[in-house]
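Take a look at the structure below.
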Amino acid sequence: MSQSYAFYKARAEDAASEAKGATLSNVKERHLQAEKTWRGLAEQARKVEVDREKARKARAVRREIEERSNPADAAE
């Protein structure tokens, strides 16, 4: 199951918050690395959402064109 941009962004913000509160340098680095990873995943999810919307719109346009060019088929 794919996660949403909002999910990944929230995890990145959680990791950033944890990094700010960390007192040990290795713990802080671990949270900063997690934040970087979550932000990368968020960007990928955002791109997938954008690409899916573009594809949906393109399919709708193609369907409209097909219906206009074949009005008899649409009536059946």
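The values are calculated or read from the model by the stated rules, or taken from the named source; none is laboratory data. Please read these numbers as outputs of a predicted model, since none were measured by experiment. Counting neighbours? That spans all protein chains shown, and the Cβs are built from the backbone with ideal geometry, glycine included. Side chains are part of the model used for accessible areas, which takes the heavy atoms of the whole protein and leaves out ligands, DNA and RNA. Shrake-Rupley method; radii C 1.70, N 1.55, O 1.52, S 1.80 Å.
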Could you state the accessible area per residue of the chain in Å², with a 1.4 Å probe and every protein chain left in place? 81
Quick one: 3J(HN,Hα) in Hz for region 43-48, Karplus 6.51/-1.76/1.60 with θ = phi - 60°, rounded, Gly and Pro as x. 5, 4, 4, 4, 5, 4
Against the longest principal axis of the chain, how steep is helix 5-21, in degrees 0 to 90 to the nearest 10, with axes from Cα atoms? 10
Taking the Cα centre of region 12-76 as the origin and placing charges on Cβ (Lys, Arg +1; Asp, Glu -1), which of 15, 41, 25 is farthest toward the positive end of the dipole? 25
Gap separating the Cα centres of region 48-65 and region 1-41, nearest whole Å: 33
Give, rounded to the nearest 20 debye, the magnitude of the charge dipole that the chain has about its Cα centre when Lys and Arg contribute +1 at Cβ and Asp and Glu contribute -1 at Cβ. 300
Rounded to the nearest 500, what is the chain's calculated 222 nm mean residue ellipticity when only DSSP H runs of at least 4 contribute -39500 (n - 2.57) each, over all residues? -31000 deg cm²/dmol
Burial-style ranking of 13-21, 35-43, average other-beta-carbon count within 10 Å with highest first, yields 35-43, 13-21
Pull out the extension gain between residue 25 and residue 52, defined as 0.36 nm times the separation in residues minus the alpha carbon to alpha carbon distance; nm, one decimal. 5.7 nm
